[in-house]
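Engineer: Dropping the structure in here first, questions after.
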Amino acid sequence: MTLFITVVGALNEGFVQTLALFAVTLLGALPLGLVVSFGSMSRFTPLRWLTRTVIWVIRGTPLMLQLYIIFFIPGMVLPSGNPWPAGTTGRFMAAAVAFVINYSCYFAEIYRGGIQGVPVGQQEAGMVLGMTRSQIFFKVTLLQMVKRVVPPMSNEIITLVKDTSLAQVISIQEVIWAGKAFLKSSHGYKGLLWPLFFTGVYYLVFNGGLTLLFGWVEKKLDYFK
């Protein structure tokens, strides 16, 4: 019983890091993704192609590689040295930046599909009624876009929960890291494999809650049928 309490306590500490990285990524990537989607749909050709090239690079390379690049490369090329603070804070900041950039590009494509999926005729009808472009976007396009993007966005957010485990490659002590620590030596125990597999319970419970939440949101948006 003492062993189980010790393991759960250590995993809880790691899961707090997982939740923090998840929350920071969403807070940054959701609005940034919308901005990036505007760039990818811009009528200004250089901006449009630059944005789409960045999206292509970010989506086409592994997030793990991006974590290494963002954490290590600035310290190699900047005259002032590594811009990240020392210790856990710096590693978390670097991971958060990498995750926000990565997921904002995925969210941007989802937003773009949702916006372009709204019939052009509805925008034209708004213009006939004398609505401004901003009014058409916020009162016509945006509301219908939200309904369209919830299912694919929910998939990406659930994937984000699992992707937070990649942060361990730059020594972020998230829940998987905490589970693996008992294989080597942690809290006086060594060679324990089951804590690593037990971390799956945390992901299952959290993703189960998110699945129920997104199901509820989809039902609330049924008025667009």
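Engineer: What residue, of Thr25, Thr61, is of a type outside the set (Lys, Arg), over 14 Å from the mean Cα position of the chain (by Cα) and at pLDDT 95 or above? Step through it out loud before you land on a result.
Structural biologist: On the way: Thr25 fails: over 14 Å from the mean Cα position of the chain (by Cα).
Of Thr25, Thr61, the one residue that is of a type outside the set (Lys, Arg), over 14 Å from the mean Cα position of the chain (by Cα) and at pLDDT 95 or above is Thr61.
Engineer: Cβ-Cβ distance below 8 Å, separation of 6 or more or different chains: which pairs start in the range 80-94 with a residue that is closer than 20 Å to Phe22 by Cα and end on one that is charged (D, E, K, R) and not in a loop (DSSP other than H, G, I, E, B)?
Structural biologist: Taking only residues 6 or more apart or on different chains, the pairs are Trp84/Arg91.
Engineer: Let me ask another. Go through the residues of the range 28-42 one by one and say whether even a single one is more than 16 Å from the chain's Cα centre (by Cα) and either within 29 Å of Pro195 (Cβ to Cβ) or loosely packed, with under 13 Cβ neighbours inside 10 Å (or both). Break it down stepwise before answering.
Structural biologist: Here is the first cut: in the range 28-42, the ones more than 16 Å from the chain's Cα centre (by Cα) are 38-42.
Checking the rest, the ones that are also either within 29 Å of Pro195 (Cβ to Cβ) or loosely packed, with under 13 Cβ neighbours inside 10 Å (or both) come to none.
No, the range 28-42 contains no residue that is more than 16 Å from the chain's Cα centre (by Cα) and either within 29 Å of Pro195 (Cβ to Cβ) or loosely packed, with under 13 Cβ neighbours inside 10 Å (or both).
Engineer: Exactly one condition in (1) buried (at least 20 other Cβ atoms within 10 Å of the Cβ); (2) under 18 Å from Phe182 (Cα atoms) is false for Asn12; which is it?
Structural biologist: (1)
The values are calculated or read from the model by the stated rules, or taken from the named source; none is laboratory data. From a predicted model like this one, the values you see are computed outputs, not experimental measurements. Every residue, glycine as well, gets a Cβ built from its backbone with ideal geometry; the counts of neighbours run over all protein chains shown.
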